[in-house]
2 protein chains.
Amino acid sequence: MSKLVVQKYGGSSVANVERIDNVAKRVISYVKNNNRVVVVVSAMGDTTDELISLAKKINPYPSERELDMLISTGEQISSALLAMALHKKGCDAISFTGSQVGIITDTYHTKAKILKIETKRIKEELKKRKVVIVAGFQGISTNQEITTLGRGGSDLSAIALACALEADICEIYTDVEGIYTADPRIVKEAKKIDYITFDEMLELASRGVQVMQTRAVEVAKKFNLPIHVRSSFTKKEGTVIMKKTSFIEEPVVRGIALTENEAKITICNVPDRPGIAAKIFTKLATHNINVDMIVQNVSHRNITDISFTVAKGVIHKAVKVSKEIAKKIGAGKVLVDENIAKVSIVGVGMKSYPGVAARCFSALAKRKINIEMISTSEISISCVVRKGERKKALKVLHKEFQLDKIK
Amino acid sequence: MSKLVVQKYGGSSVANVERIDNVAKRVISYVKNNNRVVVVVSAMGDTTDELISLAKKINPYPSERELDMLISTGEQISSALLAMALHKKGCDAISFTGSQVGIITDTYHTKAKILKIETKRIKEELKKRKVVIVAGFQGISTNQEITTLGRGGSDLSAIALACALEADICEIYTDVEGIYTADPRIVKEAKKIDYITFDEMLELASRGVQVMQTRAVEVAKKFNLPIHVRSSFTKKEGTVIMKKTSFIEEPVVRGIALTENEAKITICNVPDRPGIAAKIFTKLATHNINVDMIVQNVSHRNITDISFTVAKGVIHKAVKVSKEIAKKIGAGKVLVDENIAKVSIVGVGMKSYPGVAARCFSALAKRKINIEMISTSEISISCVVRKGERKKALKVLHKEFQLDKIK
């Protein structure tokens with residue numbers, strides 16, 4: 001039986017007529033190698049952002065249901081165009097909206113979750129040896145409304161389809177050549193990683209490496225579906241994300257992520273009573289504010305400072321809620337610091353090498369980089385530093401863990 | 001019970017953010033007057049043409065199924081944007097694709113016919129006092145594919161919805177103020193017509209007056225649904241198209257149409273045998289070529305010339321088929337003349353006034369305008385003239401039948 005390949009092409013890969021044509025060529029090369037191919041496409045270039053900005057000109061707070069009606073058109077357009085490009089080259093193909101192939105979601109517009117995928121229509125067309133093109137990023141809700149899956153949702157469409165169809169592999173085509181040991185725009189010695197585990201990828205994604213949508217990787221992990229992240233502009237192999245196997249060598253650290261997307265809030269002079277931290281973070285949670293790192297200083301005379309980081313997008317709301325809490329519990333001022341960055345080292349290998357954290361801290365200390373906050377997980381260590389020192393920190397750690405030496 | 005109004009806004013009426021806002025204001029004025037409103041919208045400005053031209057860059061002969069996938073997005077976008085504009089002004093509204101409201105069509109892509117409209121979902125939303133916005137020009141076929149209804153198809157969506165919902169009236173908003181006695185860009189004395197019968201409108205439409213889609217008017221006639229054609233840029237009343245009633249006064253001629261969209265083909269030296277004309281026009285029909293006017297010259301020595309007009313769009317195909325026929329039946333050369341125009345006078349009144357045709361011909365003759373072909377129906381007379389004389393002919397006839405004197 002021929003292999004079933006699901007390919008996803010991002011917005012930059014279908015940004016114009018010429019690039020759509022190139023995608024068609026690549027798809028056909030797979031068909032010629034006796035693969036059955038399902039293609040998921042994003043909207044062309046910046047279409048989605050342009051549609052959102054058009055909507056906001058009409059209504060600064062557009063209804064999410066209508067926003068989904070609007071932005072789902074972007075992927076429908078690129079799907080139809082890719083079908084036409086394949087036809088021109090003599091390749092039989094058919095495009096579908098998320099609704100038509102039965103990508104059933106819940107009813108949360110602009111951030112819907114996939115509940116089920118009906119594969120009947122796709123399988124019928126594959127049997128006719130057609131390339132099946134599916135508009136990414138969208139589905140149809142249980143009450144028959146058009147929904148979208150949130151930023152990066154086309155990744156999720158592709159992975160979920162690949163799992164439902166029991167595909168052999170899912171290829172994610174993007175404008176970078178794969179996952180790197182660090183952002184190559186900052187660390188010029190950064191190396192492309194050939195293989196990475198699901199857990200490492202999830203850790204990198206949640207700490208600022210935005211090559212793939214986190215939820216999509218989670219689904220792939222659950223179904224143990226290998227993902228090949230690669231560039232649509234070259235034929236080079238990219239990075240395969242897969243289950244940990246003996247085949248994957250284990251360096252101490254796989255890669256380093258950097259994010260400038262968070263801000264630090266400090267509530268000063270918090271009375272250090274049992275349950276006070278719980279009170280603060282429960283309140284923030286009820287306001288739907290996701291807290292990342294938390295640091296509580298040593299208490300002096302039963303008074304302490306509590307700092308935490310939140311995404312910059314919710315900083316306004318987080319400060320407002322923090323001030324209310326501070327007043328209620330008799331704490332002091334609320335300080336905001338947007339001038340921070342977070343550097344994270346990630347690798348399943350670090351579990352078996354004691355002293356990785358110490359090595360990380362002392363490498364930074366040696367270069368006089370002050371660490372303001374620390375958090376660790378089984379396979380990662382994150383340090384908050386001054387924003388101005390973020391690039392230096394990234395380079396220091398990249399060198400310390402010899403990521404430039406990976407062949 | 002409040003009145004149910006179906007309104008259709010054409011591409012120029014929703015061409016940009018400001019105009020969409022104006023449409024929202026107009027819709028709200030109807031809601032405030034206790035009307036229930038269903039709005040059908042076309043794609044913004046030239047969106048449809050732009051999408052088609054994008055498709056042709058990728059594939060000069062795009063599949064019609066994929067073309068429908070592509071171009072149906074235009075109306076989806078304008079529908080969602082209009083809903084957002086209404087929300088902003090505090091008016092409850094919801095947009096739907098043709099597929100979502102159940103505009104069921106046959107399977108002929110890019111020119112589908114409406115088979116049925118399921119009104120359940122619209123009625124439910126109207127009961128909740130919502131303005132229901134429907135993407136025009138599109139439907140869903142009996143085999144679950146997205147279809148479009150052909151040029152001017154949004155008119156048909158609106159009329160068909162109005163009939164299915166038993167609306168009190170259907171308003172067609174466009175960029176002209178109504179139907180005129182002649183094209184006001186050519187005849188400056190042309191007057192806006194207040195009332196016109198379905199038959200007159202159909203006759204005008206089929207003879208070059210392109211304010212409304214012909215099929216849409218036919219459906220309205222069948223269901224006896226009054227149509228109000230008017231401008232979205234003024235509050236002035238436009239033209240009401242309705243059944244003939246004593247209320248409508250009957251001038252001899254209601255209006256004059258002009259088209260330059262046809263070409264004349266002549267097959268020379270056709271052997272004049274019984275059945276030869278049938279042979280020619282059956283052959284053309286099997287190639288899907290619509291013939292408009294036909295003239296056969298008096299036969300000399302059993303040889304005659306046969307001329308007919310076809311739309312310029314199919315001229316290439318028509319000439320090819322004509323040459324094949326000519327060869328087969330032993331006729332002579334095939335001549336093409338694109339340098340013609342057709343002027344038609346239309347009016348239900350002409351039935352009761354004998355001599356209208358004579359008056360028409362002699363008015364043109366008096367101004368030395370040669371008539372090359374003539375065809376007549378119960379309520380119209382069409383004359384083919386040299387293209388260079390079309391404007392003069394239009395003005396002569398407008399004056400002869402005193403259309404400038406209509407109050």
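When only alpha carbons of segment B:72-196 are considered, Rg and Dmax amount to 16.6, 51 Å. Three semi-axes describe the equivalent ellipsoid of segment A:278-329; taken as square roots of 5 times the Cα gyration tensor eigenvalues and ordered largest first, they are 20, 13, 9 Å.
Fewest Cβ neighbours within 10 Å first, please rank A:Val253, B:Val291 accordingly.
B:Val291, A:Val253
Order by neighbour count: B:Thr73, A:Thr245, fewest other Cβ atoms within 10 Å first, most last. All intermediate terms of the calculation are to be shown ahead of the outcome.
Working: B:Thr73 25, A:Thr245 8.
Going from sparsest to densest Cβ surroundings: A:Thr245, B:Thr73.
Of all lysines in the structure, those lying under 22 Å Cα to Cα from A:Lys127, and not within fewer than 8 positions of it along the same chain, are A:Lys3, A:Lys8, A:Lys25, A:Lys32, A:Lys88, A:Lys89, A:Lys116.
Computed over segment B:241-351, relative contact order equals 46 percent, with contacts defined as Cα pairs under 8 Å that lie 6+ residues apart.
When each of the peptides A:327-336, B:59-68, A:131-140 is scored by the mean number of other C-beta atoms lying within 10 Å of its residues, the order from highest to lowest reads A:131-140, B:59-68, A:327-336.
Summing charges over neighbours of B:Glu237, with a neighbour being any other residue whose Cβ is under 13 Å away from its Cβ, gives +1 when K and R count +1 and D and E count -1. If the reach is capped at under 17 angstrom between alpha carbons, list the lysines near B:Lys192, excluding any in the same chain fewer than eight residues apart. Hits, sequence-local ones excluded: B:Lys235, B:Lys236, B:Lys395, B:Lys399, B:Lys405, B:Lys407. What is the mean projected area of the alpha carbon convex hull for segment B:257-407, to one decimal in square nanometres? Average of the hull's projected areas for segment B:257-407 equals 10.3 nm².
Angle check, please: helix A:276-286 long axis (alpha carbons) against the longest principal axis of chain A (alpha carbons), in degrees 0 to 90, nearest 10. That works out to roughly 30 degrees. Spatial offset of segment A:13-29 relative to segment A:275-348 amounts to 47 Å, using the alpha carbon center of each.
For A:Lys89, inter-copy separations between label points set 7 Å beyond Cα along the Cβ vector come to 4.9 nm, shortest first.
Taking only the Cα atoms of segment A:14-149, the ratio Rg/Rh comes out at 1.01, with Rh defined as the Kirkwood radius. Annotation for B:Lys405, label-to-label distances across the other copies: 10.5 nm (shortest first, one decimal, point 7 Å from Cα along Cα→Cβ). With θ taken as phi - 60° and the Karplus curve 6.51 cos²θ - 1.76 cosθ + 1.60 applied, the whole-hertz 3J(HN,Hα) list for segment B:110-115 is 6, 8, 5, 9, 6, 9 Hz, x standing for glycine and proline.
The ranking of A:Ser13, A:Ser154 from fewest to most other beta carbons within 10 Å of each one's beta carbon is A:Ser13, A:Ser154. A Förster distance of 22 Å, applied to the separation of the beta-carbon atoms of A:Asp337 and A:Phe281, puts the FRET efficiency at 0.75. Straight-line reach from B:Lys243: which aspartates and glutamates fall under 15 Å, measuring Cα to Cα and dropping same-chain residues less than 8 apart? Result set, ordered by chain and number: B:Asp168, B:Asp194, B:Asp199, B:Glu200, B:Glu203, B:Glu218. Over the C-alpha atoms of segment A:114-261, the Rg to Rh ratio, Rh being the Kirkwood estimate, stands at 0.99.
Starting from the Kirkwood radius over alpha-carbon pairs of segment A:238-317, derive D by Stokes-Einstein at 4 °C in a medium of 1.567 mPa s and give it in µm² s⁻¹.
Numbers: Rh = 15.8 Å.
Here the translational diffusion coefficient equals 82 µm²/s.
Between the helical axis of A:17-32 and the longest alpha-carbon principal axis of chain A there is an angle of about 70 degrees.
Annotation for segment B:252-352: GluC sites (Glu not before Pro) lying in DSSP loop with at most 14 further Cβ atoms inside 10 Å of their Cβ are B:Glu260, B:Glu338.
Candidates B:Val291, B:Gly178, B:Gly388 compared by Cα position along the dipole of chain B: farthest toward the positive end lies B:Gly388, with charges placed on Cβ.
Can you give the translational diffusion coefficient of segment B:273-359 in µm²/s, computed by Stokes-Einstein from the Kirkwood radius over Cα pairs at 4 °C and 1.567 mPa s? Rounded to a whole number, D works out at 86 µm²/s. Per-residue shielding of A:95-101, expressed as the average number of other chain Cβ atoms within 10 Å of the residue Cβ, stands at 4. Residue of chain A with the Cβ closest to the rotation axis carrying A onto B, and that distance rounded to whole Å: A:Thr73, 2.
Counting Cβ atoms of other protein chains within 10 Å of each Cβ in A:58-65 and taking the mean gives 6.
Take every Cα pair under 8 Å in chain A that's 6+ residues apart, average their separations, divide by the length, and report that relative contact order as a whole percent. Can you show the working numbers first?
Details: 875 pairs, mean separation 54.5, N = 407.
The normalised contact order for chain A reaches 13 percent.
Pairs of C-alpha atoms in chain B farther apart than 38 Å represent 29 percent of all such pairs. Helices in the protein assembly as shown, meaning DSSP H runs of at least 4 residues, each add -39500 (n - 2.57). Divided by all residues, the mean residue ellipticity at 222 nm is -11000 deg cm²/dmol. Here, the protein assembly as shown has an Rg and a Dmax of 34.4, 125 Å when only alpha carbons are counted. Our note on the geometry: Cα centres of segment A:68-126 and segment B:131-177, 25 Å apart.
Annotation for A:Ile303, label-to-label distances across the other copies: 11.8 nm (shortest first, one decimal, point 7 Å from Cα along Cα→Cβ). Computed on segment B:158-238, with alpha-carbon pairs under 8 angstrom and 6+ residues apart, the relative contact order is 46 percent. Eigen-decomposition of the gyration tensor built on the alpha-carbon atoms of segment A:148-217 gives equivalent ellipsoid semi-axes of 23, 13, 11 angstrom, largest listed first. Rounded to the nearest 10 degrees, the angle from helix B:315-329 to the longest Cα principal axis of chain B is 40 degrees.
Any read-out appearing in this document is the output of simple, stated calculations on the displayed coordinates, not a laboratory observation. A quick note: this is a predicted structure, and the numbers were derived from the prediction, not measured. All Cβ positions, glycine included, derive from the backbone under ideal geometry; neighbour counts span all protein chains shown.
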